[in-house]
Amino acid sequence: MFSILIPTWNNFSFLRLCIESIRKNSKYAHQLIVHVNEGTDGTLQWVKEQGIDYTYSKENAGVCHALNEAYQIATSDYIVYVNDDMYVCPNWDDALWNEIQAQPDEKFYLSATAIEPVDVRKKIAIAPYSYGLTPEDFEEERLLSQYQSISFHDWCGSSYPPAVVHRKMWNFVGGYSVEFSPGFYSDPDFSMKLWQAGVRRFKGVSASRVYHFLESSTKRLKKSPSNKGSHRFLKKWGITARTFYLYYLRMGEPYCELTKPTNGLGFLWKKCLCKMKRLWLYLFFV
């Protein structure tokens, strides 16, 4: 049904749990493709033993390269990006497939809804609902008994994994932009490219749920000098990612098909601030 792309970087215990959940809790059969960065923790050997399709980088190539490499061997028309620190709940794929079937064409971007142990002020996540912070203390049975009973709604602003896009749209926008390597702000960049391609249905599906342990790999790079994704996004698109999420994707609002933002005072002021910030970057940063 789907080709599921999973980038991983020496995160074996999380990856194994993620893949076990996909195998156990999916309604349909899917193609699993893991991009192994380094894999020195046993990941590479395990993926080979499991007979999972994979691509490989001897060093950490980052999320953008990983996704683009994995995509090269994808066979489905529906490309799903899943983080290795996610556990998919039962029938997560059926809920996404039902939503795909309701779409009039390929111009959509859909996300599952994440349950997260810590409230990091995302309007699109169900939080805080902690079922563990690692695979070792994960309370799987308690999650499975409760995940459906937590009230939520379909939401605007699909931009984060688990997310699904049609192959035609992936090809049209050229996949993930490698200038954002190792990956910070590559998600809003991908969404912006889809927006520029005419996509207006950015829908978060409440019925499709995953448990997200929260950035078990990316937090290792938070203090890296390469973490300048926000600057790259602003230079490339002329607005900040926050402005894009708030005024274009209307992230976290109850779902509706989107239109271009109206030129109200708030939006015009934000655009003015973005222009000043962009000028400042060009004057003082390379």
Proxy exposure order for Phe138, Phe108 (fewest C-beta within 10 Å first) is Phe138, Phe108
Filtering GluC sites (Glu not before Pro) in the stretch 43-114 by DSSP loop and by at most 10 other Cβ atoms within 10 Å leaves Glu59
Rounded to the nearest whole number, the per residue volume of the convex hull around the C-alpha atoms of the stretch 3-284 in Å³ is 129 Å³
Taking Cα atoms only, helix 265-284 is inclined relative to the longest principal axis of the chain by an angle, in degrees rounded to 10, of 80 degrees
CD proxy, 222 nm, the chain: helix-only mean residue ellipticity via -39,500 (n - 2.57) per DSSP H run with n ≥ 4, per residue, nearest 500, stands at -10000 deg cm²/dmol
Output for the stretch 3-35: trypsin sites (Lys or Arg not before Pro) sitting in coil per DSSP, at most 13 other Cβ within 10 Å, listed by number, reads Lys27
For the chain, longest principal axis from Cα atoms; helix 186-196 axis from its Cα atoms; angle between them, nearest 10 degrees, is 60 degrees
Any trypsin sites (Lys or Arg not before Pro) in the stretch 85-165 that lie in a DSSP loop and have at most 16 other Cβ atoms within 10 Å would be Arg121, Lys122, Lys123
In the chain the DSSP beta bridges are antiparallel at a rate, in percent to nearest 5, of 35 percent
Ranked from fewest to most other Cβ atoms within 10 Å of their own Cβ, Lys203, Lys271, Lys260 fall in the order Lys260, Lys271, Lys203
In degrees rounded to 10, the 0-90 angle between helix 62-71 Cα long axis and the longest Cα principal axis of the chain is 70 degrees
Total charge of the residues flanking Ser145 in space, meaning their Cβ is under 14 Å from its Cβ, with Lys and Arg +1 and Asp and Glu -1, is -1
Quick note on Ile6, Ile22, Ile52, ordering by fewest other C-beta atoms within 10 Å, gives Ile52, Ile22, Ile6
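Just so you know, all these numbers are worked out from the coordinates, no wet-lab data involved. As the structure is a computational prediction, the values presented were derived from the model and not from experiment. Ideal geometry is used to build each Cβ from the backbone, glycine not excepted, and the neighbour counts take in all protein chains shown.
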